[in-house]
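Q: There's a structure below that I have some questions on.
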Amino acid sequence: MTEDAISNLANETRHFDPPADFVAKANVTATAYDDAKADRLGYWAKEAERISWATPFTEVLDWTNAPFAKWFVGGTLNASYNCVDRHVEAGNGDKVASHWVGEPADDTRTITYSDLKDEVCRAANAIEELGIEKGDRVAIYLPMIPEAVVAMLACARLGAPHTVVFGGFSADALASRVIDCGAKLIITADGGYRRGAPSALKPTVDEAVAKVEAQQSGLVENVLVVKRTGQDVAFNDDIDIWWHDLVDESSPDHTPEAFDAEHPLYVMYTSGTTGQPKGILHTTGGYLVGVASTHSAVFDVKAETDVYWCTADIGWVTGHSYSVYGPLTNGVTQVMYEGTPDSPHKGRWWEIIQDLKVTKFYTAPTAIRTFMKWGDEIPAKFDLSSLLLLGSVGESINPEAYMWYREHIGGDNCPIVDTWWQTETGQIMISPLPGVTSGKPGSAMKALPGISADVLDDAGESVPNGSGGYLVLTEPWPAMLRTIWGDDERFKKTYWSRFPGMYFAGDGAKKDNDGDIWLMGRVDDVMNVSGHRLSTTEIESALVSHPKVAEAAVVGANDEMTGQAPVAFVILRDSATGDGQGDGGAAVIKELRDHVAKEIGAIAKPKLIMIVPELPKTRSGKIMRRLLRDVAENRAVGDATTLADSSVMDLISAGMNTTKDEE
Ligand code: PRX
């Protein structure tokens, strides 16, 4: 974003006040900000009353060993009990927990809280029978089917931390996560439906298990397989077990054990600035309080009447916090959809909203921009009048997309909550409150009650309104990550050392003239593609692991649809340089792109690969990605005076016309 664009934001005055209805009935009122400021820990102690504790906590926060936090010290609870049993015990067993919609037409399931409880108990008994005990890790690699939620809750019930791996990730990515967290069990499916056809998952798991076996023989003891599509899959009788053979035969009764508030709940891997993804650890009590509280406040949840739909895949943190743990703890009725938004037609999401009378809807700007491109007439065909509130997450929502969302989906009368948070924060941190805060198109507005955020300059000073800097969180919060799995040092170094005593988010931000916060994108080597985090280094490592590649540099270039897209600059090895010529490099570029998909997943495939003779480096050997970004975004190349060899950029810019290949 240019300096001009940044200062325009500071002058942005367009805003939408909360609708009167919301103000009158809001779960959280304007005084919450001041109340929480006056007694932050008291605020969280009160919020902790939303959930059921087996043993009450004796201290809200122990921060003596910072940055290793202990929230709700002495408290014990079971997350799965909070998500299901207590709603059944309260007499809400017949309430619908999930309206599940499969991608093939008429493939639906309606699951009540009682049904969910029975299924979670069966799965917990089954997993226990496979030898999983408190503290053991379980990897989950499933499509968006009810069993995904059931598997997560069954693990939580046993105190066995789950690590859900997005179904779009490759066998290599799955294997490295299984090894890093030492998962004994993988729960998967034969496949799932995407874009009108069954796509396979089990073969990827088989490949991953073989890779794990080669490195750490015997680690994976079992693979539990849900039959979703019925496609033919290889079955290894030594370790593979069908879900229906084991889970369906298990008892629907299971007594949940209460675990310490700090017992690990899950590990979620996310890209950092090195090639190795970080296993973000979330624990039980603080996490559950954080997500239940913010889900209620930000979406102004009315459990009796809401039909809530978060479109995120459970393979990402948004799915964990706002499709599983937050909404289920709050006992709402939800929608879960298996497939893609364009299957079998481009109005599928709007049809679901119309048919199930969705009231609160939460999605990502990249999806909104796609719908804008598809045309206003598509949502116009459906009755979206049930909608009361719209949410956005994953990247800044550009003002055009905000206005389109507001007008064409929200009928101009739904507040929009632009929610800033991260895998690490676990819970929403910066967002308007729909009954209190105005919404400005493009701004996440301000830190929620009980949360303290600031924007600092290089020297660590808080910037004045109208200026930009680095986003930090100045106080601990309940759902904060506790560490990076197995790497306390990296945890301290990544998040707590840039500005001592404060959490460094890795995002640039700006305060406008009212002090409201505008997120400006990452300040590190992490890019945001369709609201998903990818590390430039991780893609570079994937590229250089290919035998034809000598060196690679990857940048996140602005992209109209996906926010950013990976663009790679590759130097081929001498033995392969012939491949980079003749056909303009098309064959080798395809090979490299497929290689990245195989190493990481299709989402990481570079949109553009350029075969170049050199990379722009400073005298100390650092790649100047800024210059590569200029090339990738078709701009005049900026100041190149610090390059060791300034003619390099001429070569690269010239190469732009000959060796690029765009997908
Ligand atoms: O750069 C910010 C961006 O997404 C990053 C977090 O990515 P991840 O851990 O994958 O979690 C995504 C969903 C919570 C942040 O560092 N980001 C997320 N939400 C917003 C955002 N940027 C601007 N505005 C947002 N609302």
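Q: By how many nm would the segment from Lys381 to Ala587 grow when fully extended, if each residue of separation counts as 0.36 nm and the alpha-carbon distance is taken off? Please list the in-between numbers first.
A: Values: separation 206, 0.36 × 206 = 74.16 nm, distance 4.35 nm.
Result for the pair: 69.8 nm of gain on full extension.
Q: For the chain, what is the charge dipole size about the Cα centre, in debye to the nearest 20, if Lys and Arg each add +1 at the Cβ and Asp and Glu each add -1 at the Cβ? Could the numbers behind the result be given before it?
A: Working: 59 positive and 95 negative charges, 179 e Å.
Dipole magnitude for the chain comes out near 860 debye.
Q: What does the extension gain come out to for Ala210 and Ser653, with contour length at 0.36 nm per residue minus their alpha carbon separation?
A: Numbers: separation 443, 0.36 × 443 = 159.48 nm, distance 4.31 nm.
Using 0.36 nm per residue and subtracting the Cα-Cα distance, I get 155.2 nm.
Q: Roughly speaking, what is the stretch gain from Trp63 to Asp487, that is 0.36 nm per residue apart minus the C-alpha to C-alpha distance, in nm to one decimal? Spell out each step's value before the answer.
A: On the way: separation 424, 0.36 × 424 = 152.64 nm, distance 1.92 nm.
That works out to 150.7 nm of additional length.
Q: Once you sort the root eigenvalues of the Cα gyration tensor of region 444-496 as a ≥ b ≥ c, which label holds: rounded (a/c under 1.5), prolate (a/b larger than b/c) or oblate (the other case)? Before the final figure, lay out the partial values.
A: Working: a/c = 3.27, a/b = 1.54, b/c = 2.13.
Judged from the Cα gyration tensor, region 444-496 comes out oblate (a/c at least 1.5, b/c at or above a/b).
Q: Summarise the long-distance tail of P(r) for region 134-232 by giving the % of C-alpha pairs beyond 21 Å. Could the numbers behind the result be given before it?
A: Values: 1317 of 4851 pairs.
Everything past 21 Å amounts to 27 percent.
Q: Suppose only helical runs count, i.e. DSSP H with n ≥ 4. What mean residue ellipticity at 222 nm does that imply for the chain under -39500 (n - 2.57) per run, divided by all residues and rounded to the nearest 500 deg cm²/dmol?
A: Values: 20 runs with 184 residues, N = 663.
For the chain, the value works out to -8000 deg cm²/dmol.
Q: Still on this structure: Just for the Cα atoms in region 530-662, what are the lengths along the principal axes, largest first, rounded to whole Å?
A: Each principal axis gives a Cα extent; for region 530-662 these are 37, 37, 27 Å.
Q: Leaving out ligands, DNA and RNA, and with a 1.4 Å probe, what % of the accessible surface on the chain is carbon or sulfur?
A: On the way: 11900 of 24730 Å².
Carbon and sulfur together cover 48 percent of it.
Q: OK, next. Per the Kirkwood formula on distinct C-alpha pairs, the Rh of the chain is how many angstrom?
A: On the way: mean 1/r = 0.0389 Å⁻¹.
In the chain this quantity evaluates to 25.7 Å.
Q: Would you mind giving the three semi-axes, in whole Å and largest first, of the ellipsoid equivalent to region 339-462 according to its Cα gyration tensor? Spell out each step's value before the answer.
A: On the way: eigenvalues 176, 44, 34 Å².
Values for region 339-462, descending: 30, 15, 13 Å.
Q: Obtain the radius of gyration and the Kirkwood radius of region 79-257 from its C-alpha atoms and give Rg over Rh.
A: 0.96
Q: Take each of the peptides 398-405, 355-362, average the number of other beta-carbon atoms within 10 Å over its residues, and list them starting from the highest. Please list the in-between numbers first.
A: Working: 398-405: 19.0, 355-362: 21.4.
Descending packing order for the listed peptides: 355-362, 398-405.
Q: Counting pairs of alpha carbon atoms under 8 Å apart in space and at least six apart in sequence, what relative contact order in percent does region 1-150 give? Before the final figure, lay out each step's value.
A: On the way: 111 pairs, mean separation 17.7, N = 150.
This gives 12 percent for region 1-150.
Q: Charges at C-beta only: +1 for Lys and Arg, -1 for Asp and Glu. How large is the resulting dipole of region 81-147 about its Cα centre, in Debye rounded to 20?
A: Values: 7 positive and 14 negative charges, 50 e Å.
Taking the Cα centre of region 81-147 as origin, the dipole is about 240 debye.
Q: Also, I was wondering about something else. Would you mind getting the accessible area per residue of the chain, heavy atoms of the protein chains only, 1.4 Å probe, in Å²? Write down the numbers at each step before the final one.
A: Details: 24730 Å² over 663 residues.
With all protein chains present, the chain gives 37 Å² per residue.
Q: While we're here: Add +1 for every Lys or Arg and -1 for every Asp or Glu among the other residues with Cβ under 12 Å from the Cβ of Val544, and state the total.
A: Values: positive: Lys548, Arg573; negative: Glu538, Glu540, Glu551, Glu599.
Local net charge: -2.
Q: Sticking with this one: Using a ≥ b ≥ c from the Cα gyration tensor of region 430-518 (square roots of the eigenvalues), is it rounded, prolate or oblate, where a/c under 1.5 gives rounded and otherwise the larger of a/b and b/c decides, a/b for prolate?
A: Values: a/c = 2.65, a/b = 1.51, b/c = 1.75.
Verdict is oblate for region 430-518.
The values are calculated or read from the model by the stated rules, or taken from the named source; none is laboratory data. Note that the structure is a prediction, hence the values are computed from the model and not measured. Cβ atoms come from the backbone with ideal geometry, glycine included; neighbour counts cover every protein chain shown. Accessible surface is based on the protein model in full, side chains and every heavy atom, while ligands, DNA and RNA are left aside. Shrake-Rupley method; radii C 1.70, N 1.55, O 1.52, S 1.80 Å.
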